[in-house]
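Shown next, in structure tokens, is the structure this report addresses.
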Protein chains: 2
Amino acid sequence: MSTDLEIARAATLEPIGAIAARAGIPDTALEPYGKYKAKIGLDFLRSQAAKPRGKLVLVTGINPTAAGEGKTTTTIGLGDALNAIGTRAMICLREPSLGPCFGVKGGATGGGRAQVGPMEDINLHFTGDFHAITSANNLLSAMLDNHLYWGNELGLDPRRVSWRRSMDMNDRNLRNLVLGLGGASQGVPREDGFDITVASEVMAIFCLASDLADLQARLGRIIVGQTRDGRSITARDLKADGAMAALLRDALAPNLVQTLEGSPALVHGGPFANIAHGCNSVMATALGLSLADVVVTEAGFGADLGAEKFLDIKCRSAGLTPDLAVVVATCRALKMHGGVAKSALGGEDVAAIERGVVNLVRHVENMRKFGLPVVVALNKFTTDTPAEIDAVRHAMARIGAEAFLCTHWGDGAAGAADLARAVQRLLSEGHARFRPLYPAEMPLADKLGVIAREIYHAAEVQIPPAAAARLKKFEEMGFGHVPVCVAKTQYSFSADPTRLGAPEGHVLPVREVRLSAGAGFVVAICGDVMTMPGLPRRPAAETIGLDAEGRIDGLF
Amino acid sequence: MSTDLEIARAATLEPIGAIAARAGIPDTALEPYGKYKAKIGLDFLRSQAAKPRGKLVLVTGINPTAAGEGKTTTTIGLGDALNAIGTRAMICLREPSLGPCFGVKGGATGGGRAQVGPMEDINLHFTGDFHAITSANNLLSAMLDNHLYWGNELGLDPRRVSWRRSMDMNDRNLRNLVLGLGGASQGVPREDGFDITVASEVMAIFCLASDLADLQARLGRIIVGQTRDGRSITARDLKADGAMAALLRDALAPNLVQTLEGSPALVHGGPFANIAHGCNSVMATALGLSLADVVVTEAGFGADLGAEKFLDIKCRSAGLTPDLAVVVATCRALKMHGGVAKSALGGEDVAAIERGVVNLVRHVENMRKFGLPVVVALNKFTTDTPAEIDAVRHAMARIGAEAFLCTHWGDGAAGAADLARAVQRLLSEGHARFRPLYPAEMPLADKLGVIAREIYHAAEVQIPPAAAARLKKFEEMGFGHVPVCVAKTQYSFSADPTRLGAPEGHVLPVREVRLSAGAGFVVAICGDVMTMPGLPRRPAAETIGLDAEGRIDGLF
């Protein structure tokens, strides 16, 4: 069997202008970045604003396990399959972060015959968007510390600075540091730290901005810290918003690439799915909807975190009305949800499927709470048995849902043809009645309660008094109307990563709440959330290198 | 009078393919980055290796003053003028750093009618080269700290780590910090700091590498620190060289842009001119020489630092044989060298010129020590009087040199036509007999002595015992053959920035010596050298922003 890398290298990509032309993007709208990548000019996006919109399909999944589910490959495979059966589809994905490439994970451009390319470029610097975001984040930090250095006219309390620096790297040694050392001419000593770029609020803002003006307005609203008397200081107060917007201007134009089967894909933005909303930019999704009959897009983690945020944060903020949710599962992962260890996944175990499928059932039912039709994509592994697959199908039939076997990893578009036909049919039936889970005017603590009860099936939300007081303060500051972004483990409906399946009656323990005033949401941190990953003992970086032809080895 | 920004915006750039075609670069060799920038593929560079080489002209200057000299505009103006009179010329420049753009300086793409464009792009992210260099630098840091974290098999002493992180930002608060705080799972506490990206050894390596293999070999030789028993640990020991080379692969291809008059310009790399060698990449210069009759390039600071390093470090390392030096001066700056304060530059002061011209005289004579013919470009300001200009010309005539008045800032190519004809004539006469100042086999301390005596006219070099011992150690380690890169103030031949003109008999006080084993030179630090600038009280960033059409204001 070929590796992902071999398949990617064997593929012949088309010139990006040809992909653009098929997608309805004229040559004049393209800013090429090499032969196979292009940014789509903001002028063209503006010209598309009044166009009729295509349908929006969200690909989400069960709670992830070590067995792997294949959400990105399903997004790509479904897009390819829709194009193959005559529906003009556009794929919208997040950009990979450099950090994980050098850690454990390898690249993030799909796999098998369901990949976007050029793989090496997309996984490394791509069109430089993340570097621009890092620069904008750190320019704000530099201007903040420079303000402290030159006399601190605004009265910012150096102990109450919440804005952190960022780097697109897995680097645990940057998590907590004391900077500004060395004496009076060297800066102002204070505690700080770096988050990985995808965890920066600038990334979340970048992905929620609807145009350049909205981008700059959101950047200006970023709260960097407080004065001693509790007044918030913003990026606008520091006069940093204009230069930050200038740094981000070119990056805000969506990136066009292609799948190995020649479908157009917009790969743009990539916020964390815990402390941010975990999906690609609004700019890209809106552009896709103006061009294609169907946009297939993806949200991070399982549907409890990723889809909920896609629907309650991104779609609400951008006025998007999704039409269908695809929930991805595998027999292997469902067996793990049924209590089987990864090392014991080899043999047939129908009983484990029957125990574990409750995870899938709940995600399907959750998606319906948003008014969305749901279809299940069952990514097939060679070890799956007919009885195991039937067990999933029966469980789905009991709740009136259909599961389709998918083999796009090995077969490309043909492997997702059944799924694509079902998607086509469901879209044409038009049963979607999208509604967010809670209204904007609901108090922040209540919003958290609704998510915990309706989506996580928790019995209770524990909000410590200090956090509750902060939520009240956010409401007094005029941020009561924003959605809540829950940061918790992605492995369980609960806050305990070991409780697989479909736990009930648990407690959602809120540790801390933060206001992302620029992005426009409140983050509720439940349990430990890592905003700067570390490298493993043997990082992938040790084996990444150039081969004799200058190609990059080791990225997968 | 129009501002630089107005002139840049009023200019119509040609599609980069047209510029490339005129320069002899086929379309297939281009990796476009938007419509007006392109990288030139490394395959094409390899195919050019055996081509006859054009002539190499170095533009350098007197010691810089607050009055401004115009070295970059002269490089551009001369290139334009050579093309206008029928000599195929290519311009090679450094890429600007983001840091100064947000500080005091504004952009670095020339000025007036002698600019390269697109100005906004080149001054901000351009083609992402500096971001790639920052990433490679910081990946090495992350792998180093990760090595310490996971048990430190190599025995690196955390107190003896010399490798620092980098950021393309003016940010004094990052100069000195303690990182790895927060407990056993958060890293290994130690002192560190950030240098601006242009000061990273990765930047110097990037600019001296002759191809990808040489790049990776040099990266591998970087010394990151020592063990307790004094053994050096390299990037290769940390297995970081492959991934660093992968991050830099695309960046290593030179960037093609154009002047406002349509001359091709390669803008690539930009190392500091104090702790590194201060000129654009070897890759770009070599490509230019394979394509053009004449390459006009620039070195940082005055000729004592910039040209000396260009000749003794870059040309020696790359086997380049320069043919001519152009020394740039202005009457205003020479008056400052003659003791006039900037605020008193208004009126005619021939006596001040006669006192200050010694600075220019010495630089011209210094360039001849390298076997190079020299011509002087006198950048004209409207306040210059005929008597002042005559004073410069007479001083030059006394040493057998010619000075040409240049007005390319206001007049474009026509303003440098006399200079260009003189350059053309001198090149055709072929009097250049380039020789480095000292042989590679000379001991390191002696090399320092030769530079100090011959170029700075110092009476003595003071090397503290610890530094002398380190120089010996570098020789024992096998680095005795490398050139010496002096880091001292650019404002004076001496190490005292207030001693303008042509000081003699001074002492060159070496404070510290460092080995840049990957770049291939020893840095001798004389006086204070800032490797991470700070922002001023009112940084330029405060006034940078987007206008209603999404154009960037405030970059000049």
For this session: Report the antiparallel proportion of the DSSP beta bridges in the protein assembly as shown as a percent, rounded to a multiple of 5.
Result: 45 percent
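Hey, got the average number of other protein chain Cβ atoms within 10 angstrom for residues in A:206-219?
For peptide A:206-219, the averaged partner shielding equals 1.
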Exercise. Add -39500 (n - 2.57) for each DSSP H run of 4 or more in chain B, then divide by its residues: what number comes out at 222 nm, to the nearest 500 deg cm²/dmol?
Worked result: -9000 deg cm²/dmol
Problem set entry | Helix A:465-474 vs. chain A, principal-axis angle (Cα, 0 to 90°, nearest 10) | 80 degrees
Problem set entry | Rg to Rh quotient for the stretch B:78-121, alpha carbon positions, Kirkwood Rh | 1.07
Seminar exercise, completed: Projected convex hull area of chain B, Cα atoms, direction-averaged, in nm², equals 25.1 nm²
For this session: Find the eigenvalues of the gyration tensor of the Cα atoms of the stretch B:148-215, then list the square roots of 5 times those eigenvalues as equivalent ellipsoid semi-axes, largest first, in whole angstrom.
Result: 26, 18, 9
For this session: Using every Cα-Cα pair within the stretch A:27-73, state what percent have a distance larger than 14 Å.
Result: 70 percent
For this session: Using amide H atoms built 1.01 Å from N in the peptide plane, name the residues 5+ places from A:Val327, or on other chains, whose amide H lies under 5 Å from its own.
Result: A:Thr60, A:Val375, A:Val376, A:Ala377
Exercise. Helix A:282-291 sits at what angle to the longest principal axis of chain A, using alpha carbons and giving 0 to 90 degrees rounded to 10?
Worked result: 40 degrees
For this session: Rounding to the nearest 20 debye, state how big the charge dipole of the stretch A:444-526 is about its Cα centre with +1 on each Lys and Arg Cβ and -1 on each Asp and Glu Cβ.
Result: 200 debye
Exercise. If you place +1 on the Cβ of every Lys and Arg and -1 on the Cβ of every Asp and Glu, how big does the dipole about the Cα centre of the stretch B:1-77 come out, in debye to the nearest 20?
Worked result: 320 debye
Seminar exercise, completed: Note on the stretch A:375-466: the mean projected area of its alpha-carbon convex hull, in nm², is 9.8 nm²
Exercise. Normalised by the number of residues in chain A, what is the relative contact order in percent for Cα pairs under 8 Å and 6+ residues apart?
Worked result: 21 percent
Problem set entry | For the stretch A:49-55, 3J(HN,Hα) per residue [Karplus equation, 6.51 cos²θ - 1.76 cosθ + 1.60, θ = phi - 60°, Hz, x = Gly/Pro] | 4, 8, 5, x, 8, x, 8
Problem set entry | Percent of beta bridges antiparallel (DSSP, chain A, rounded to nearest 5) | 45 percent
Problem set entry | Peptide-level mean, for A:123-129, of C-beta atoms on other protein chains within 10 Å | 5
Problem set entry | Of A:Lys335/A:Lys380; B:Lys309/B:Lys369; B:Lys369/B:Lys472; A:Lys51/A:Lys71, pairs whose Cα-Cα distance is over 21 Å | B:Lys369/B:Lys472; A:Lys51/A:Lys71
Problem set entry | Using alpha-carbon coordinates, inclination of helix B:71-84 to the longest axis of chain B, degrees | 60 degrees
Exercise. Using alpha carbon centroids, what distance separates the stretch A:452-528 and the stretch A:266-291, in Å?
Worked result: 23 Å
Problem set entry | Rounded D (µm²/s) - the stretch B:130-248, Kirkwood Rh over Cα pairs, Stokes-Einstein at 25 °C, 0.890 mPa s | 169 µm²/s
For this session: Hey, could you get me the Stokes-Einstein D for the stretch B:80-150, Kirkwood radius over alpha-carbon pairs, 25 °C and 0.890 mPa s, rounded to whole µm² s⁻¹?
Result: 163 µm²/s
Problem set entry | Dipole-positive endmost among B:Thr285, B:Val202, B:Leu181 within the stretch B:179-301 (Cβ charges, Cα centre) | B:Leu181
Exercise. Taking a quarter of the surface of the convex hull around the Cα atoms of the protein assembly as shown, what do you get in nm²?
Worked result: 41.5 nm²
Problem set entry | Charge dipole magnitude, Cβ of K and R +1, D and E -1 - chain B, Cα centre, debye nearest 20 | 920 debye
For this session: Treat the stretch B:129-186 as a sphere of radius equal to its Kirkwood radius over Cα pairs and apply Stokes-Einstein at 25 °C in a medium of 0.890 mPa s; give the translational diffusion coefficient in µm²/s, rounded to a whole number.
Result: 190 µm²/s
Exercise. Dividing the convex hull volume of the alpha carbon atoms of the stretch B:444-526 by its residue count, what do you get in Å³ per residue?
Worked result: 76 Å³
For this session: Straight distance only, please: which lysines reach the Cα of B:Lys473 with their own Cα at less than 16 Å, same-chain residues fewer than 8 apart left out?
Result: B:Lys447
Exercise. When N counts the residues of the stretch A:1-133, how does its alpha-carbon radius of gyration compare numerically with 2.2 N^0.38 Å, as a ratio?
Worked result: 1.13
For this session: Could you tell me the largest-minus-smallest coordinate of the C-alpha atoms of the stretch B:431-487 on each of the three principal axes, in descending order and whole angstroms?
Result: 42, 27, 17
Exercise. Cα atoms only, the stretch B:180-337: Rg and Dmax in Å?
Worked result: 19.2, 62
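We did not get these values from a lab; they are worked out from the coordinates using the rules stated. Predicted model, so just to flag it, every value in this text is computed and none were measured. Counting neighbours? That spans all protein chains shown, and the Cβs are built from the backbone with ideal geometry, glycine included.
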